[in-house]
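Asker: Just dropping this structure here.
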Amino acid sequence: MCELCEETGGDLVWQNGLCRVVLVMDEDYPGFCRVILQRHVAEMSDLPEEERIALMRVVFSVEQAARSALHPDKINLASLGNMTPHLHWHVIPRFSGDRHFPNPVWGKPLREESAPLLPGWKALLESQLREVLGPQDMS
């Protein structure tokens, strides 16, 4: 049973026939998105080359949107899949005031709380994501 086959994996922002982009509503990491392959595949090398390229185009577009909308200090990109072996990419805007910065978000926190982001960040990011990703296509 794969949770990313059964569930959306976050708040759905955009999708096409290959993948979906979801917003992970983590108060410590505003703008944290996942790009999730629509079908169950474990590794990038399991995809045909044209799908690898298309998937990474979406990952880079999500990074671009997050940078434009949120102005983070850094963006982390990760494709782990150790806990959920369903191909997905984490796109995580990082801010110098977040709980773990400069360490990875999965490590031990360095601070009690993250510095808050400006109100309205979610709507701005969603708008920017739709702009850079273009229209949804479920074919």
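Every number in this text was worked out from the coordinates using simple rules, so none of it is lab data. Bear in mind that the values here come from a model prediction, so they are computed numbers and not experimental data. Cβ: placed from backbone, ideal geometry, glycine included. Neighbour counts: every protein chain shown.
Asker: Using +1 at the Cβ of each Lys and Arg and -1 at the Cβ of each Asp and Glu in the chain, identify which of Leu4, Leu18, Gly31 lies farthest towards the dipole's positive end.
Answerer: Toward the positive end, the furthest listed residue is Gly31.
Asker: Pairing rule first: another cysteine's C-beta must sit under 4.7 Å. Under that rule, which cysteines of the chain stay single?
Answerer: Taking the Cβ cut-off of 4.7 Å, the unpaired cysteines of the chain are Cys19, Cys33.
Asker: Considering only C-alpha atoms, what is the centroid distance from the range 96-139 to the range 41-78, in Å?
Answerer: 14 Å
Asker: Now for a separate question. Let's test the formula: R0 of 30 Å, r as the Cβ-Cβ distance of Leu12 and Lys74. What FRET efficiency results, to the nearest 0.05?
Answerer: Result of the calculation: an efficiency of 0.70.
Asker: Hey, got a sec? Which chymotrypsin sites (Phe, Trp or Tyr not before Pro) in the range 89-139 land in a DSSP loop and have at most 13 other Cβ atoms within 10 Å? Write down the numbers at each step before the final one.
Answerer: Values: sites: Trp89, Phe95, Trp106, Trp121; in loops: Phe95, Trp106.
Passing sites in the range 89-139 are Trp106.
Asker: Let me ask another. Against the longest principal axis of the chain, how steep is helix 121-133, in degrees 0 to 90 to the nearest 10, with axes from Cα atoms?
Answerer: So the helix axis and the longest Cα principal axis differ by about 30 degrees.
Asker: If I model a spin label at Phe60 and Leu118 as a point 7 Å from the Cα along the Cα→Cβ vector, what separation in nanometres do I get?
Answerer: 2.8 nm
Asker: Counting only trypsin sites (Lys or Arg not before Pro) that sit in a DSSP loop (anything but H, G, I, E, B) with at most 15 other Cβ atoms within 10 Å, what is the longest stretch of the chain containing none of them?
Answerer: 40-110
Asker: Any idea what the dipole of the chain comes to, in debye rounded to 20, about its Cα centre with Lys/Arg Cβ at +1 and Asp/Glu Cβ at -1?
Answerer: Dipole of the chain, to the nearest 20 debye: 320 debye.
Asker: Roughly how tilted is helix 49-70, in degrees to the nearest 10 and between 0 and 90, from the longest Cα axis of the chain?
Answerer: Taking the Cα atoms of the chain, the angle to 49-70 is about 20 degrees.
Asker: Which label marks the calculated value of Rg and Dmax of the Cα atoms in Å, given the options (i) 16.9, 56; (ii) 14.8, 45; (iii) 21.5, 94?
Answerer: It is the one labelled (ii).
Asker: If you build a Gaussian network model of the chain, linking Cα atoms that sit under 10 Å apart, which residue out of Leu77, Leu47, Leu125 swings the most?
Answerer: Among Leu77, Leu47, Leu125, the largest GNM mean-square fluctuation belongs to Leu47.
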